[in-house]
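Asks: This structure is in structure tokens; I'll ask about it shortly.
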Amino acid sequence: MAFQFLDHREFIEMRLYGDISGASEPAIDWLDGVSACGRLLIDGWDVAAITADVLWMAAVVDRARAFGPFWTAVCAPGDLVFGVLRQVSAYRRHDAQDVNFFRERPAAEDWLRSREGLPAA
């Protein structure tokens, strides 16, 4: 998976780009950082293709949640990325009340900033 993490102080951004292939997973220190921050923005604007298995991606999300609960805003303008990431959310072990999907980044950031506390664990 082609990605990079950016720390925006108010939230951690996971920027996806290129082909989401399942070739690599986020480092543990970033997963711990997301939990400590309590807010994650997944930016799928620059995704060219998705070849990773949806269940594998859901398992990655579940491993991240094992570090603690956090709010997630997913920003994806294209139908393919938007739809696949919604499928990932549906296959998670946890209730999807802590995630929301957006077509525009400003709306995703505003939603993240409006979250108070942490979602239920």
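The values are calculated or read from the model by the stated rules, or taken from the named source; none is laboratory data. Keep in mind it's a predicted model, so treat the numbers as computed, not measured. Glycine also receives a Cβ, built like all others from the backbone with ideal geometry; neighbour counts cover every protein chain displayed. With ligands, DNA and RNA removed, areas are computed over all heavy atoms of the protein, side chains included. Shrake-Rupley method; radii C 1.70, N 1.55, O 1.52, S 1.80 Å.
Asks: Summing +1 for each Lys or Arg and -1 for each Asp or Glu, what net charge is found among the other residues whose Cβ lies under 14 Å from the Cβ of Leu112?
Replies: -4
Asks: Work out from phi, with θ = phi - 60° and the Karplus expression 6.51 cos²θ - 1.76 cosθ + 1.60, the ³J(HN,Hα) of each residue of region 10-25, listed in order in whole Hz, and give x for Gly and Pro.
Replies: Along region 10-25, the couplings run 6, 7, 9, 9, 10, 8, 9, 8, x, 9, 7, 10, x, 6, 8, 10 Hz.
Asks: Going 7 Å from the Cα of Leu6 toward and past its Cβ, which residues in region 80-121 have a backbone nitrogen under 13 Å from where you end up?
Replies: Counting only backbone N, you get 105-106, 109.
Asks: Where both residues lie in the chain, what percent of DSSP beta bridges are antiparallel, nearest 5?
Replies: 25 percent
Asks: Mind pulling up the Rg/Rh value for region 8-57? Radius of gyration and Kirkwood radius, both on Cα.
Replies: 1.00
Asks: Cα gyration tensor of region 40-80, axes a ≥ b ≥ c as square roots of the eigenvalues: rounded (a/c below 1.5), prolate (a/b > b/c) or oblate?
Replies: The shape class here is oblate.
Asks: Evaluated at 25 °C with a viscosity of 0.890 mPa s, what Stokes-Einstein diffusion coefficient in µm²/s does region 36-121 have when Rh comes from the Kirkwood expression over alpha-carbon pairs?
Replies: It comes out at roughly 186 µm²/s.
Asks: Roughly to the nearest percent, how much of the accessible area of the chain is carbon and sulfur, given a 1.4 Å probe?
Replies: Ligands and nucleic acids excluded, carbon and sulfur give 52 percent.
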